[in-house]
Amino acid sequence: MTVVERRKRRPPLLVLAFLAVFGLVAAVNTAYLAGRAFLERAVRSVPVTEGTLAVKLAGEALLLRREAVLVAPAAGLWQIQVEPGTRVSAGARIGEILDPDLLARAQALKREVEKERADWQGDINARLSRVEAELKEVTGAIQSALAVLRVRVRQGDETAATRRLEEELARLVERRTALQAEQARLNDTAVRGGSWREKNLEAERLFQAAGTPVLAPVAGVVLFTLDGWEEAFDPLQGEAAVTLSEPQGAVLSTPVPAGASVAPGQILAKVVQDEPTFVKVNAEELPAVDLKPGDRVTVVFTPEGARVAAAVVAVKRASGPDTLLVKLDNAPAALAQKRTASVELVARELVGPLVPEKALVQEGEETGVYVRRGGRWRFAAVEVRLQQNGQALVAGLKAGDEVAVGWHP
């Protein structure tokens with residue numbers, strides 16, 4: 001019997017190709033799903049926290065307030081009576097202008113008074129010394145006479161010598177009384193003074209007439225230099241300050257020294273009134289919030305860190321730096337000697353869920369984050385209200401949600 005060998009038939013090449021592609025796709029899909037599951041487990045995530053971000057701007061500020069300029073009321077020599085930076089009340093004496101002629105007359109008269117007083121005092125002292133010396137001598141004689149007289153009286157001696165001793169004792173007592181009266185009169189004269197006193201009063205009157213006082217018209221801090229901004233600003237028309245660009249008044253960079261000769265109307269000093277104080281801030285761009293007059297803001301003075309509440313007075317938006325003028329609720333004392341300062345102006349503080357900026361992703365036209373829900377990462381659209389310092393304050397999440405950082409499926 002003849003056996004016929006059957007040859008195995010191979011599948012068509014098209015089928016083999018299909019099976020190969022199908023296997024490859026299955027392998028890739030399996031690897032993708034395994035890799036995705038691994039990445040989902042390995043992705044870095046953070047919890048959503050509730051926090052605050054401030055809408056703020058930083059810029060250079062110009063401090064403006066009521067500043068009273070003090071000028072010389074008369075010609076003469078300038079005498080300073082307070083230190084720069086001294087806080088004074090209204091009406092306080094800052095200094096005076098001395099009339100050199102009246103001052104010279106007063107000083108000459110004072111010298112005459114001192115000489116007359118010295119001569120008079122020397123005469124009074126000499127007379128008192130003589131009276132006191134004689135009074136001491138008379139008192140001693142009285143004590144001696146009394147001692148002798150007591151002995152004679154005990155002995156019953158009534159001779160003429162005893163009577164003469166009694167008469168001498170009476171004379172000594174009378175003399176002592178006269179000396180005591182003279183001593184009292186001299187002491188009284190020493191207290192009341194001599195004829196030089198009237199001349200001294202005249203000298204004092206001349207000294208007072210020689211000096212014209214320079215008084216503080218308002219309470220504040222006294223400074224002896226001016227930068228030209230003093231008369232450029234009127235607190236009653238504060239909104240006009242947004243247009244100020246340059247100082248408009250006189251500049252006094254070096255204080256007028258004490259003893260210098262000054263002319264009437266010459267600038268001497270200024271008194272800086274603390275309140276109200278206005279702050280004009282120039283910034284490259286105002287915050288996104290629509291600030292308008294009357295809005296409340298907080299001014300932070302750096303690097304001091306002082307925080308002062310304020311109200312917006314005027315806003316000017318321009319092609320260049322924007323300008324904001326605010327009025328401080330109160331002015332820290334340290335600001336009185338400052339004209340410029342670096343500030344941060346907090347326009348508004350927003351509270352809400354905070355996520356890292358790197359957690360934000362873009363899906364088509366929507367901005368959102370990937371949130372772990374039901375064990376899987378799922379896209380959730382959010383409204384970004386503010387981004388600042390690597391954080392984003394959003395709406396659409398709640399504190400405690402877990403979001404992916406730096407990962408996009």
- request: Please give, to one decimal in nm, the separation of the simple spin-label points placed at E246 and E166, each 7 Å out from Cα toward the Cβ.
  value: 11.0 nm
- prompt: Roughly how much of L201 is accessible, in Å² to the nearest 10, using a 1.4 Å probe?
  reply: 120 Å²
field: Residue among A126, F207, G156 farthest towards the positive dipole end of the chain, charges placed on Cβ
entry: F207
query: In the chain, with Lys and Arg counted as +1 and Asp and Glu as -1 at Cβ, which of these residues, V355, T254, L335, has the Cα nearest the positive end of the dipole, that is, farthest along it?
result: V355
query: Can you list the residues, at least 5 places off or on another chain, whose amide H is less than 5 Å from the amide H of A306, using H built in the peptide plane?
result: F301
task: Grab the Cα-Cα distance for E158 and E383, subtract it from 0.36 nm times how many residues apart they are, and report the gain in nm with one decimal.
output: 67.5 nm
message: Going by amide H atoms built from the backbone, whose H comes under 5 Å of the H on G95, apart from near neighbours?
response: Q81, V214
query: Modelled label-to-label distance, A258 and R130, 7 Å Cα→beta-carbon offset: nm?
result: 4.7 nm
query: Which loop GluC sites (Glu not before Pro) in the stretch 141-185, with loop taken from DSSP, have no more than 12 other Cβ atoms within 10 angstrom of their Cβ?
result: E158
- request: Go through the stretch 179-194 residue by residue and turn each phi into a ³J(HN,Hα) via Karplus (6.51, -1.76, 1.60, θ = phi - 60°); whole Hz please, and just put x for glycine and proline.
  value: 5, 5, 5, 5, 4, 5, 5, 5, 5, 5, 5, 4, 6, 6, x, x
task: Compute the relative contact order of the stretch 63-198 as a whole-number percentage, counting only Cα pairs closer than 8 Å that sit 6 or more residues apart in sequence.
output: 25 percent
- line: Which residues qualify? For D295, with a placed amide H closer than 5 Å and at least 5 residues away or on another chain, they are V312
- request: Between E349 and D329, with labels modelled 7 Å along Cα→Cβ, what's the label distance in nm to one decimal, could you check?
  value: 1.2 nm
- prompt: Around Q208, with a cut-off of 12 angstrom between Cβ atoms, what is the net charge of the other residues, counting Lys and Arg +1 and Asp and Glu -1?
  reply: -3
Cα-based helix-to-principal-axis angle, 196-210 vs the chain, degrees rounded to 10: 30 degrees
- prompt: In Å², what does the accessible area per residue of the chain work out to with a 1.4 Å probe?
  reply: 59 Å²
- prompt: Treating the beta-carbon of each Lys and Arg as +1 and of each Asp and Glu as -1, no other charges, what is the dipole magnitude of the chain about its Cα centre, to the nearest 20 debye?
  reply: 2440 debye
- request: Ignoring everything but the protein chains, give the 1.4 Å probe accessible area of L179 in square angstrom, nearest 10.
  value: 10 Å²
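The values are calculated or read from the model by the stated rules, or taken from the named source; none is laboratory data. Remember, predicted model here, so these are calculated numbers, not experimental data. Cβ: placed from backbone, ideal geometry, glycine included. Neighbour counts: every protein chain shown. For accessibility, only protein heavy atoms count, side chains too; no ligands or nucleic acids. Shrake-Rupley method; radii C 1.70, N 1.55, O 1.52, S 1.80 Å.
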